[in-house]
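Q: Dropping a structure here in structure tokens format, bear with me for questions.
Just so it is clear, none of the values below were taken in a lab; they were calculated from the coordinates. Predicted model only: the values in this text are computed from it and were never measured. Cβ: placed from backbone, ideal geometry, glycine included. Neighbour counts: every protein chain shown.
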Amino acid sequence: MTPCPMPTLPKHIAIIMDGNGRWAKAKGQPRLEGHRRGVEVAEEMITAVNDLKIPFLTLYAFSDENWNRPKEEVDTLMGLLEWFLKTRQEKMLKNGIRFRTIGDTQKLPESVQRVIAETMEVTAHGKALTLILALSYGARNEIMNAVNKILSNQVPGTRYQVLRENELSDLLDTKDFPDPDLLIRTSGEYRLSNFLLWQLAYTELYFTKTMWPEFSEADLAKALEEYSKRERRFGKISEQL
């Protein structure tokens, strides 16, 4: 992707990749074909974001609620995830991509857990882009887990009397990453679907009717152009910026 000429680029983009099944259904194809194409688009966007030198990208790949889908679909999604990580480790390493995850990955099949651990180890020293996949992830669970750690005194070396915002942030899955500057959701849905509820407090939101399997570099450029026009005040007035 040609480097973006826009004056302001986000440091962290989060994407809710939505619409795979509906895209496939509209084309008279099985839902699984939509997911396969969705993986291809995800790879294209990873490359595009890396080319733009944006340092963080989080993709909502599999929510905690997605376990309720038909077993055949879940098994296919797990297979696609395992295949993607196995076959793209070398490319990630070559392009300086560091791979990380958020979510309850212990729920994933053991073979997927192994390839996740391997990919994280292989790419640990990547300096260009940190790619974060949200897997078996739910924001409410993430926050509840952090609170339960505090209530059960599972945080070594701490005795909380009054909890500060940064202390709770440090107990979340995303403690090593900055909050997203821009959230993109595809497919025409206008909700967050239990994704990064704490971290998106001041994130710019961008919704598009484009289904994820049809999302392109041009669509990404439109989202970035819109982002560049936003004035992020964080509670201040324009004159204070």
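Q: Which one, GLN161, GLN89, GLN29, has the greatest fluctuation when you compute a Gaussian network model over the chain with C-alpha springs under 10 angstrom?
A: GLN161
Q: Another question about this same structure. Could I have the simple spin-label model distance between ALA124 and ARG69, label points 7 Å from Cα toward Cβ, reported in nm to one decimal?
A: The two pseudo-label positions are separated by 3.2 nm.
Q: In a GNM of the chain with a 10 Å cut-off on Cα contacts, which of TYR60, TYR190, TYR137 has the highest mean-square fluctuation?
A: Fluctuation is largest for TYR190.
Q: Can I ask one more? Return the calculated 222 nm mean residue ellipticity for the chain, to the nearest 500 deg cm²/dmol, obtained by summing -39500 (n - 2.57) across DSSP H runs with n ≥ 4 and dividing by the residue count.
A: -13000 deg cm²/dmol
Q: Quickly work out the THR47-to-LYS229 label distance, labels modelled 7 Å from Cα along the C-beta direction, and quote it in nm with one decimal.
A: About 2.9 nm, to one decimal.
Q: With a 10 Å cut-off between alpha carbons and a GNM built on the chain, which of ASN141, ASN95, ASN153 moves the most?
A: ASN153
Q: Hey, rough spin-label estimate for ASN194 and SER216, points 7 angstrom out along Cα→Cβ, what's it come to in nanometres?
A: 3.5 nm
Q: Can you tell me the relative contact order of the chain? Whole percent, Cα pairs under 8 Å, sequence separation 6 or more.
A: So the answer I get is 28 percent.
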